[in-house]
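Each value in this text was obtained by applying a stated rule to the coordinates, not by laboratory testing. Everything quoted here is computed from the prediction, not taken from an experiment. Note that we place each Cβ from the backbone using ideal geometry, even for glycine, and neighbour counts take in every protein chain shown.
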Amino acid sequence: MEILKMSFMTLKNLFSPPATRRYPAKTREPFPAARGRITINIDACTFCTLCAKKCPSQAITVEREKKVWTIDPLRCIMCRYCVETCPRKCLSQETKAFRPLAERVIETYTRPEEGEPREAQSADCPIVTG
């Protein structure tokens with residue numbers, strides 16, 4: 001009897017699709033309450049440093065004088081405290097997952113002074129240093 005059950009399971013597994021996804025090629029839709037990476041609208045930011053002070057993992061650093069906002073995605077625990085704390089609501093949290101990183105990447109966003117030419121840099125295209 002046991003051999004019959006084992007034969008049935010073997011045939012069933014042989015002709016059924018795999019139970020797992022081929023991750024980078026096939027991604028799953030995120031759950032409605034899923035938490036993802038933090039993004040910033042640098043033009044709305046006042047560099048008040050509340051997000052950096054509230055971050056429990058110290059993934060965010062803000063340089064008020066230089067108008068530089070930096071996040072280390074590998075340190076971020078996606079707790080959403082920074083998004084809830086931001087008085088200008090310039091921080092948001094995406095629900096989609098991001099690709100695995102091969103090395104540590106620090107995302108840096110800079111807002112130029114008034115009258116300076118705007119570089120090809122925004123929340124969609126951060127300067128990546130590492």
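Amide H to amide H, with H built 1.01 Å from N, Arg37 comes under 5 Å of Glu94, counting only residues 5 or more places away or on other chains. The label-point distance for Ala33 and Thr95, in a model that sets each label 7 Å from Cα toward Cβ, rounds to 1.2 nm.
Remark: for residue pairs Lys67/Lys89; Lys66/Lys89; Lys26/Lys89; Lys26/Lys53; Lys54/Lys89, the C-alpha separation exceeds 26 Å in Lys26/Lys89; Lys26/Lys53.
Tell me the mean residue ellipticity at 222 nm calculated for the chain from its helices only (DSSP H runs of n ≥ 4, each -39500 (n - 2.57), averaged over every residue, nearest 500).
Numbers: 3 runs with 24 residues, N = 130.
Calculated mean residue ellipticity at 222 nm is -5000 deg cm²/dmol.
On full extension of the chain, what length is gained from Ile77 through Met6, given 0.36 nm per residue of separation minus the C-alpha to C-alpha distance?
Working: separation 71, 0.36 × 71 = 25.56 nm, distance 4.37 nm.
Working it through step by step, the gained length comes to 21.2 nm.
Other residues within the sphere of radius under 15 Å centred on the Cβ of Glu29, judged by their own Cβ, net out at +4 (K and R +1, D and E -1). Given R0 = 25 Å, the distance between the Cβ atoms of Lys66 and Arg104 translates into a calculated FRET efficiency of 0.70. Hey, how many Å between the Cα centroid of the range 64-114 and the Cα centroid of the range 1-39? First find each Cα centre; the distance between them is then 33 Å.
Legend: Rg and Dmax of the chain, from Cα coordinates, 21.9, 83 Å.
Within the range 1-47, the proportion of C-alpha pairs whose separation exceeds 15 Å stands at 73%. Against the main long axis of the alpha-carbon atoms of the chain, helix 2-15 sits at an angle near 50°.
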